[in-house]
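The values are calculated or read from the model by the stated rules, or taken from the named source; none is laboratory data. Small disclaimer: the values here were computed from a predicted structure and weren't measured. Here the Cβ is made from the backbone with ideal geometry for all residues, glycine too, and neighbour counts use every protein chain on show.
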């Protein structure tokens, strides 16, 4: 046992990317430079104390939500760059090696999928639900604010591990689904699959805790009068998503742990030899994996319900149908996982059963699409950025759903499984579905979080780039799949494929332009925040409770917890002329104090994971002791609440209501003008 | 909207879609790699099911694709159109929205249970004549084809007589792979210590693409082979040609195949000249070879293996 191994584990000079690849070195360089720039900027501006006390140790669901979304956007940038690299390679590699060696290309498709699912999609939707859901149900925070912060820390730790994998060692090449035996030590003895396993473990535990947190919050913290059937649709989808999280994450934790036991302790759960059975991995992974994709889509469905109703100036069509459809989707999502491996050799009858159950999920989904379309019927549709995303979603997602029904037929799936047709299908539902939903939510709730609207022109440009770019990048993949091209190919030998891969590459560039538009949008919006400020807090003439508080939302959310008696409670209050009233009495508000437990467990988790990857056992032990110690220490904290005195609450509320009274209300055709200060002109009922 | 589906619109839709798809992809020859240009009864059926599924789905999809942008335009803010801000439910519409998709899923379920199950990989195909057996061993990054009745083997190319049901028995000696000849029919996984089955039939003569669709390492893109469909006479000639090869499949040659390499690289190692035809032909195969590969990993599966 050499002293080097005791201290550094498997780390060696060869772990540095400059020893084997220029491109990898450039990527690592970007991570290192980005890290130095961020740390440097914060240091130069003297903001460490501010960040620690106001953000990192905050247990406020709004701030935690914002931090989740920031993580998602940074990881989105990385994963889109990786996608562009792969598209460029495939546009070049007809009977040619291209510019990416197979080793790098296969790491790219693995990290691209892993990041987009676990470190972009999940954090984005968890961040959005975190921000909006407690406000929508009239609560002050989630049920377990400190656990919320711990979840954020662990997700951040997993994302940090993914970024570390760019700088040290190589990532797995087994795809985001990591099938053995290819991910066993026999075929990948390096650290790659271990990076994958521990990043997923951190993310998975984080999400399990979040699911519990959200579900309990929705069950227990709804304001008086808000029965389940008076909740906004977004909260319903958040509830179903949470239930899915609680039930679906454990199989992932179990299966990655079993793979880790194979790799670390020489066990044989999934190996070729000694009784291992890779089919068990496939079953357990997809038992998680299918509900996972419904976790990714349901919050987006909820966002679209809010956005379409709001920007049609109308009640949502079919509220009860939508709730029923959401519940059906949530339940059915546990009955379909076998459709991910129709070709694994089980009998035709078994396949047929799961094919039918998969198609059944298409029914409630189709119902939702038509319900949103009918919400626009005889409404007054305003084509702001979130609504543009919604309309693009309705059109494009319908196509993606159709390709899903095609894949649900085992007979057809036997041809197109693992081809680019499959890749086109899931991007067709994830991009117009999940991503557009999250970008719409970002644009929609940004004013509530920060007190000013995002620039509308760059927002619309972003929608255009994403929509056109998506179609150019992925519709060719349908053709390629039908023409017989498998997924994950670094090079191909059929000349018929190249015209399509070239169009796809151009589409990837347009998507990159879309990312650029989003970046410019935030810069321009911050510059113009004074002109676009909406202090009154209701820039879109909203219908649900979050629009009844000022913008940025106060830390206590509601000065007085509201009582509701219908769906769309804020809309109802405005129609009755009861909005913006001074309460007869204000009370002291109890809020939880900040806690360092989240950042400590985040850093500790990342350190333990890094130690496990590189076999640095002392680091694993120390990190686990720190985590356990921090949890125990937290148990001794008795003074965990702070009081906002009633006088302070009254002062803030009266100041805001004074602003309201001085603000001229704007009709909807001035919604994106500077004159929109967040007060909506309400038509008499 | 009536729930009874007439035949005529469905056929029209299917035909229209077929034309559109063919036109869209006609510009590019598929080069024998796609079930859109099928050469076997299974692939033909799969192409038909694809077009028919698209046809049925357009009943729900086309209204959605048309109505969404249309309503957004017709009811846009500022245009003088009817405004019903509190209208949120209609029983007749609910029946249609839930009912029509239910009916379509019902029809598609019939497809799934009836014709599709008939062409399940494990089922013998409705073709006259004896079944030709081929045992397949998946390796990184090549496929070994053993003809047990002819006592020969090949790597990189598999010959199939047209008009006969060819039943493949598949296993792997390395990673999990997925065997696919798109022009002929379905794919099936090949896994170590297990035997899977696949029935295919070639209807016309030709040279078709065969591939692995389950990523298995740095040579994955080269993990392909030629599927040569030939007349029975040509097939007999091919068998004779393989029997005249100087190479035998034994432990030494198999050790070469077992290494991580493409078929072309293995051919070079075995001393064959690199030519257009990088296939490797073995004139003899040890008795029980396929079973022994399966038995390396699981004795119970080996006992049940056909040969």
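Assorted remarks:
- Verdict on residue B:198 being more than 8 Å from chain A (Cβ to nearest Cβ), in a loop (DSSP other than H, G, I, E, B), within 26 Å of residue A:487 (Cα to Cα) and touching a residue at least 60 places away in the same chain (Cβ under 8 Å): no
- All of B:43, B:72 fail the test of being assigned to a helix (DSSP H, G or I), in contact with a strand residue (DSSP E or B) (Cβ under 6 Å, 6 or more places away or on another chain) and at pLDDT 95 or above, apart from B:72.
- Some residue of the range A:274-281 being under 24 Å from the mean Cα position of the chain (by Cα), closer than 17 Å to residue B:189 by Cα, touching a residue at least 40 places away in the same chain (Cβ under 8 Å) and within 14 Å of chain B (Cβ to nearest Cβ): no
- Test: residue in the range A:377-388 that is more than 25 Å from the chain's Cα centre (by Cα), within 7 Å of chain B (Cβ to nearest Cβ), in a helix (DSSP H, G or I) and under 26 Å from residue A:447 (Cα atoms): no
- Selected residue (criterion: surrounded by the most Cβ atoms within 10 Å (Cβ to Cβ)) from residues of the range B:27-37 that are at pLDDT 95 or above, more than 17 Å from residue B:198 (Cα to Cα) and out of contact with any strand residue (DSSP E or B) (no Cβ under 9 Å at 6 or more places or on another chain): B:36
- Entirely in the range A:5-106, the helices (runs of 4 or more DSSP H) that have 2 or more residues that are within 22 Å of the chain's Cα centre (by Cα) and more than 23 Å from residue A:519 (Cβ to Cβ): A:61-92
- Hey, residue B:266 in a helix (DSSP H, G or I) and crowded, with 21+ Cβ neighbours inside 10 Å or not: yes
- Filtered residues of the range A:252-270 (kept if within 11 Å of chain B (Cβ to nearest Cβ) and surrounded by fewer than 23 Cβ atoms within 10 Å (Cβ to Cβ)): A:268
- Checked against (1) free of Cβ contacts under 8 Å to residues at least 12 places away in the same chain; (2) surrounded by 20 or more Cβ atoms within 10 Å (Cβ to Cβ), residue A:301 passes all but condition (1).
- Hey, residue B:271 modelled with pLDDT of 95 or more, at positive phi and not assigned by TED's automatic domain parsing to the domain that holds residue B:46 or not: no
- Check on residue A:334, surrounded by 24 or more Cβ atoms within 10 Å (Cβ to Cβ), more than 7 Å from chain B (Cβ to nearest Cβ) and in contact with a helix residue (DSSP H, G or I) (Cβ under 7 Å, 6 or more places away or on another chain): no
- Residue ID - surrounded by the fewest Cβ atoms within 10 Å (Cβ to Cβ), chosen from residues in the range B:194-211 that are under 27 Å from residue B:230 (Cβ atoms) and touching a helix residue (DSSP H, G or I) at 6+ places or on another chain (Cβ under 7 Å): B:203
- Note on the range B:61-89: among residues that are out of contact with any helix residue (DSSP H, G or I) (no Cβ under 8 Å at 6 or more places or on another chain) and at the interface with chain A (Cβ under 7 Å from one of its Cβ atoms), the one that is surrounded by the fewest Cβ atoms within 10 Å (Cβ to Cβ) is B:86.
- Any hit, the range A:511-520, residues being within 25 Å of the chain's Cα centre (by Cα), touching a residue at least 60 places away in the same chain (Cβ under 8 Å) and crowded, with 21+ Cβ neighbours inside 10 Å: yes
- Applying the set (1) in contact with a strand residue (DSSP E or B) (Cβ under 8 Å, 6 or more places away or on another chain); (2) within 12 Å of residue A:90 (Cβ to Cβ); (3) part of a loop (DSSP other than H, G, I, E, B) to residue A:484 leaves exactly one unmet item: (2).
- Answer residue from the range B:45-60, given it is under 30 Å from residue A:379 (Cβ atoms) and within 27 Å of the chain's Cα centre (by Cα) and is surrounded by the fewest Cβ atoms within 10 Å (Cβ to Cβ) among those: B:58
Yes/no per residue for (1) more than 13 Å from every other protein chain (Cβ to nearest Cβ); (2) within 18 Å of the chain's Cα centre (by Cα):
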position	(1), (2)
B:92	no, no
B:100	no, no
B:114	no, no
B:135	yes, yes
B:149	yes, no
B:156	yes, yes
B:167	yes, yes
B:170	no, yes
B:176	no, yes
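- Residues satisfying the stated conditions in the range A:270-281, i.e. within 9 Å of residue A:180 (Cβ to Cβ) and either modelled with pLDDT under 95 or touching a helix residue (DSSP H, G or I) at 6+ places or on another chain (Cβ under 7 Å) (or both): A:270, A:271, A:281
- For the range A:404-431, the tally of residues that are in a helix (DSSP H, G or I) and within 12 Å of another protein chain (Cβ to nearest Cβ) stands at 16.
- Residue count for the range A:348-361 satisfying the condition of being more than 7 Å from chain B (Cβ to nearest Cβ) and surrounded by fewer than 20 Cβ atoms within 10 Å (Cβ to Cβ): 3.
Here is a yes/no grid of residues against (1) over 30 Å from residue A:256 (Cβ atoms); (2) touching a strand residue (DSSP E or B) at 6+ places or on another chain (Cβ under 9 Å); (3) at pLDDT 95 or above:
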| site | (1), (2), (3) |
| --- | --- |
| A:577 | yes, no, no |
| A:581 | yes, no, no |
| A:588 | yes, yes, yes |
| A:611 | no, no, yes |
| A:632 | no, no, yes |
| A:644 | yes, yes, yes |
| A:657 | yes, no, yes |
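- Of the residues A:677, A:583, A:578, the single one that is surrounded by 20 or more Cβ atoms within 10 Å (Cβ to Cβ) and in a loop (DSSP other than H, G, I, E, B) is A:677.
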